[in-house]
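Beneath this line is the structure, given in structure tokens, with notes to follow.
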Amino acid sequence: MNIRLVILLIAFCVLFVTYIFYNIFKRKITLQYSLMWFSYCLIMIVLLLSSPILSSVTSFLGFEVTSNMIFFLGFVALLIVSFNITRFLSSQKEKIVILTQEVGIFKEELKKYNGKD
Amino acid sequence: MQSILIIIPAYNEEKSILQVVSNIKKVKLEGARIDYIIINDGSTDNTRQVCIDNDLNFIDLPCNLGIGGAVQTGYKYAYYNNYDIAIQMDGDNQHDANYIPELVSEINKNYDLVIGSRFVKELSEFKSSFLRRLGINFLSNLIKLCTNFKVYDVTSGYRACNKKVIKYFALKYPVDYPEPDTLVQILKKKMKVIEIPVKMHERSTGKSSINGFKSIYYMIKVSLAIIIANISTKGSD
């Protein structure tokens, strides 16, 4: 893999990690949900650094060049991350529905209670 | 004395909601107390104000949940307040309150869920478009295939149910386009369902929420929901 491409991609990962830290300090995301992004960057960096020894794996899996394989793996990892976000979103939505319903019922009961005295 | 709760989901029904309630109030049933509850599903018009001004019983949801979420709120309310029978009815005056006694009498014959149907007998003034009937027909056949039980009006939102079903719905109810889906679940649970003919009016205000591309999404989503309910719902209780 071209050394310039490796440096470019590693630089990108490092920048991204910095940005994640920035967001954690600013309390825009919680540590819990930053972990999957950290591991994403970490895996990318490890893959990029070990690209010279990955060439045999690359040809075994049928990729023409190592960079293709790394981009493919990055793509798969993103797919997993975004699917997890969908899962998280679904459970959040369910919780919001339950909360909304309970708040509605509670307000009604309160109204009845206040009306009594 | 039997306690009956009429659940009326309402999203932007300021023009029709009063009429719906006054029709319900006219219904008298011996040996039963009929209450109603409007679920204001985050309406953006004056539905809430109309409810307050006329001192109607209503639950005010802080944000819009969609029809399933609204109806389920009613079932939860029925469950918490220990109602014997719950009847869901649309807030747009399509459903005729005069059929409430008939729905109740079927529940008292030991049915778990009673569906007020547009299509069992042709007494309905309700004219659906050809495509809509085709869609409903398809869903009806799909449900027959899954459960071996023929329901004609699978999307009817005029339904009555007993305590057992109230509890089931309070715990589990889909947020959007819930009717066919829940029907399969109830049938798979080996509960008893019956369909009775009711007259439905053209909606006096507003229009159907399912049009154009939405109808394609509707068919796909509902068909999938039926198949999933068919596979994942286990037998009795």
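The values are calculated or read from the model by the stated rules, or taken from the named source; none is laboratory data. None of the values given here were measured: they were computed from a predicted structure. Don't worry about glycine lacking a Cβ; one is built from the backbone with ideal geometry, like all the others, and counts go over all protein chains shown. The area values use the complete protein model at the heavy-atom level, side chains included, leaving out ligands, DNA and RNA. Shrake-Rupley method; radii C 1.70, N 1.55, O 1.52, S 1.80 Å.
Classify region B:1-141 as rounded, prolate or oblate from the Cα gyration tensor: take a ≥ b ≥ c as the square roots of its eigenvalues, call it rounded if a/c is under 1.5, otherwise prolate when a/b beats b/c and oblate if not. Walk me through the intermediate numbers first.
On the way: a/c = 1.59, a/b = 1.12, b/c = 1.41.
Oblate.
Roughly speaking, what is the stretch gain from A:S55 to A:F16, that is 0.36 nm per residue apart minus the C-alpha to C-alpha distance, in nm to one decimal?
Working: separation 39, 0.36 × 39 = 14.04 nm, distance 2.65 nm.
Here the answer is 11.4 nm.
In this structure, the amide hydrogen of B:E13, modeled 1.01 Å from its nitrogen in the peptide plane, lies closer than 5 angstrom to those of B:T47, counting only residues at least 5 positions away or on a different chain. Restricted to Cα atoms, chain B shows a radius of gyration and a Dmax of 16.7, 49 angstrom.
Computed on protein heavy atoms with a 1.4 Å probe, what is the summed buried accessible area for the chain pair B and A, in Å² to the nearest 100? Present the calculation step by step, with values, prior to reporting the outcome.
Values: alone 11560 and 9430 Å², together 19730 Å².
Chains B and A together bury roughly 1300 Å² of accessible area.
Beta carbons within 10 angstrom, averaged per residue: use that to sort the peptides A:106-115, B:177-186, highest first. All intermediate terms of the calculation are to be shown ahead of the outcome.
Numbers: A:106-115: 11.8, B:177-186: 23.1.
Answer by packing, highest mean first, reads B:177-186, A:106-115.
With K and R counted +1 and D and E -1, the other residues having a Cβ less than 10 Å from that of B:D84 yield a net charge of +2. The distance between label points at A:M36 and A:L99 comes to 2.0 nm (points 7 Å beyond Cα on the Cα→Cβ vector). A simple rule links phi to the HN-Hα coupling: the Karplus curve 6.51 cos²θ - 1.76 cosθ + 1.60 with θ = phi - 60°, which for region B:78-83 gives 5, 5, 5, 9, 6, 6 Hz, with x for Gly and Pro.
Spacing of the modelled spin labels on B:L131 and B:K221, each 7 Å from Cα toward Cβ, amounts to 1.7 nm. Dividing the mean sequence gap of close Cα pairs (under 8 Å, 6+ apart) by how many residues chain A holds gives a relative contact order of 22 percent. Neighbouring Cβ atoms from other chains, within 10 Å of the Cβ of residues in A:101-113, number 6 on average.
With the convex hull drawn around the C-alpha atoms of region A:3-84, the volume per residue stands at 84 Å³.
Placing a pseudo-label 7 Å from each Cα along the Cα-to-Cβ vector at B:N98 and B:D176 gives an inter-label distance of 3.7 nm.
Largest first and in whole Å, give the semi-axes of the protein assembly as shown's equivalent ellipsoid, each being the square root of 5 times a Cα gyration tensor eigenvalue.
On the way: eigenvalues 522, 131, 65 Å².
Those come to 51, 26, 18 Å.
First measure r as the distance between the Cβ atoms of A:K28 and B:N23, then evaluate 1/(1 + (r/R0)^6) with R0 = 56 Å and state the FRET efficiency to the nearest 0.05. Could you put the intermediate results ahead of the total?
Details: r = 52 Å, r/R0 = 0.93.
FRET efficiency, A:K28 to B:N23: 0.60.
Here the extension length gained between A:E64 and A:K112 equals 10.1 nm, from 0.36 nm per residue of separation less the Cα-Cα distance. Neighbours of A:K95, meaning other residues whose beta-carbon lies under 14 angstrom from its beta-carbon, give a summed charge of 0 when Lys and Arg score +1 and Asp and Glu score -1.
Over chain B, what is the mean sequence separation of C-alpha contacts under 8 Å (at least six apart), divided by residue count, expressed as relative contact order in percent? Please list the in-between numbers first.
Working: 447 pairs, mean separation 57.2, N = 237.
Over chain B, the number comes to 24 percent.
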